[in-house]
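**Student:** Before I ask anything, let me first share the structure, which is written out below as structure tokens.
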Amino acid sequence: MEVFLHNLTGIPRVDEAISLMKARNIRGLTRAISIVENYEEGRDALLNDAFQRASEACFTLGFTGAPGVGKSTLVNAVIRHYRRSGKTVGVMAVDPTSPFSGGAVLGDRIRMQEHNPDNGVYIRSLASRKALGGLSEATKYALYLYKAFGFDVIIVETLGVGQDEIDVARYVDVTTVLLVPGYGDTIQMAKAGIMEIADLFVINKSDRPGADLLKKQVQNILYMKAEKERPPVLNTIADQNEGIDDVMEAIAEVRQRKALQGQERHRKRIVEEIRSSVLTRLAGDAEPHLDEMAGKVLTLSMTPIEAAELIIRRIQKGCLEDDEKNSI
Ligand SMILES: Nc1nc2c(ncn2[C@@H]2O[C@H](COP(=O)(O)OP(=O)(O)OP(=O)(O)O)[C@@H](O)[C@H]2O)c(=O)[nH]1
Ligand SMILES: [Mg+2]
């Protein structure tokens, strides 16, 4: 028996979509994405709910690169890797040039079909940017829906061609940029913005001539970066499943490094907050002494440095007296 009631058309309403999502029924997610895509009434309520429930435990991965470099083939291999360890995977194929049923996207759906009967994998293409008023916005909202649904791993496939795609990369934890030998524009692409967002470079189709040369070229460009932040460059032959283990290992390392950096950044922010509180407090404590000390400096009985020293001693003495009082 169906647990959820539906309206006459059989399409879940917004509240039903939210309930289905909470019950981890995939129909809820499919419906939720449509509601967001089509700006249906109740869209904000749905998104607010998703924002609140979005799980930060989801690991989000981006794969980007020019058309045909083998993104979907690599993503397939990555899905297989995670499924072997029982993780659920949500995939989003973002293609700004294709409408929902367009060529490349349809191709993706067929190629990734091998995972469809498997309940642990959900694959969906996002509609064109026009339908959503901005590709990166659309992806951001869809990511929240995926996170609210609670996949263990979320994968976003994008064409690495424009600013929008670069923005999308900022929403995911680890971004992998795919290049292939023999594409005249790869280095050009690598130089434009993509360099900034890549956590990892994969030279796919390494069965083709020029793979080693391309790897060296990319590594040369990356020398500009500090060693700690230099993205690894790996070779794969995705359609033969070659090099995938190394990619997975590199992704895990990057994830760990970025998590540590995140903690370090957070720590630095806290240190700064404490420092500024201390300075404000000390300046306040020094305030009542400043006039008197200025007089002494004016009559040349003290230098400003000695005056500051004296004030600090007085403040410290005051603290000691306070401590003594408190301990009684
Ligand atoms: N020779 C060779 N072909 C590959 C390799 N990996 C993928 N391919 C083939 O390259 C073609 C494109 O692969 P896709 O995975 O669809 O590439 P994509 O980047 O997802 O393409 P779009 O989504 O259309 O941009 C397919 O015919 C794959 O079988 C590889 O390592 N070597
Ligand atoms: Mg593809």
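The values are calculated or read from the model by the stated rules, or taken from the named source; none is laboratory data. Values in this document were obtained by computation on a predicted structure and should not be read as measured data. Note that each Cβ is placed from the backbone with ideal geometry, even for glycine, and that neighbours are counted across all protein chains shown. To get the accessible areas, we keep the full protein, side chains included, count just its heavy atoms, and leave off ligands, DNA and RNA. Shrake-Rupley method; radii C 1.70, N 1.55, O 1.52, S 1.80 Å.
**Student:** Would you check if VAL89 is at pLDDT 90 or above and open to solvent by less than 80 Å² (accessible area, probe 1.4 Å)?
**Tutor:** The answer is yes for VAL89.
**Student:** Another one. Looking only at the range 11-38, count how many residues are part of a helix (DSSP H, G or I) and open to solvent by 60 Å² or more (accessible area, probe 1.4 Å).
**Tutor:** Of the residues in the range 11-38, 4 are part of a helix (DSSP H, G or I) and open to solvent by 60 Å² or more (accessible area, probe 1.4 Å).
**Student:** Assess whether PRO117 counts as being modelled with pLDDT of 85 or more and either open to solvent by less than 40 Å² (accessible area, probe 1.4 Å) or not in a helix (DSSP H, G or I) (or both).
**Tutor:** Judged against the criteria, PRO117 is not a match.
**Student:** Could you tell me whether the range 227-240 includes any residue that is open to solvent by less than 90 Å² (accessible area, probe 1.4 Å), among the hydroxyl-bearing types (Ser, Thr, Tyr), closer than 20 Å to GLY62 by Cα and touching a Ser or Thr at 6+ places or on another chain (Cβ under 8 Å)?
**Tutor:** Within the range 227-240, one or more residues are open to solvent by less than 90 Å² (accessible area, probe 1.4 Å), among the hydroxyl-bearing types (Ser, Thr, Tyr), closer than 20 Å to GLY62 by Cα and touching a Ser or Thr at 6+ places or on another chain (Cβ under 8 Å).
**Student:** Kindly establish whether SER277 is open to solvent by less than 100 Å² (accessible area, probe 1.4 Å), within 30 Å of ASP322 (Cα to Cα), over 19 Å from the mean Cα position of the chain (by Cα) and not basic (Lys, Arg).
**Tutor:** yes
**Student:** Sticking with this structure for a sec: Within the set of pairs 6 or more residues apart or between chains, which connect a residue that is free of Cβ contacts under 8 Å to residues at least 12 places away in the same chain inside the range 228-246 to a residue that is among the aliphatic types (A, V, I, L, M) with Cβ atoms less than 7 Å apart?
**Tutor:** Hits for this filter: ARG230/LEU222.
**Student:** Which condition number does ARG83 fail, the rest of (1) at pLDDT 90 or above; (2) outside any helix (DSSP H, G or I); (3) open to solvent by 10 Å² or more (accessible area, probe 1.4 Å) being met?
**Tutor:** In the conditions (1) at pLDDT 90 or above; (2) outside any helix (DSSP H, G or I); (3) open to solvent by 10 Å² or more (accessible area, probe 1.4 Å), ARG83 misses (2) alone.
**Student:** Across the range 191-226, which residue is farthest from ligand 2 (Cβ to nearest atom) among those that are open to solvent by 70 Å² or more (accessible area, probe 1.4 Å) and of a type in the set (D, E, K, R)?
**Tutor:** LYS216
**Student:** A further question follows. Name every residue in the range 39-79 that is part of a helix (DSSP H, G or I) and away from ligand 2 (no atom under 16 Å from the Cβ), in order of residue number.
**Tutor:** ARG43, ASP44, ALA45, LEU46, LEU47, ASN48, ASP49, ALA50, PHE51, GLN52, ARG53
**Student:** Still on this structure, please answer the following. For the range 5-13, check the following and say yes or no: at least one residue is touching a helix residue (DSSP H, G or I) at 6+ places or on another chain (Cβ under 8 Å), at pLDDT 85 or above and either polar (S, T, N, Q) or over 30 Å from TYR183 (Cβ atoms) (or both).
**Tutor:** no
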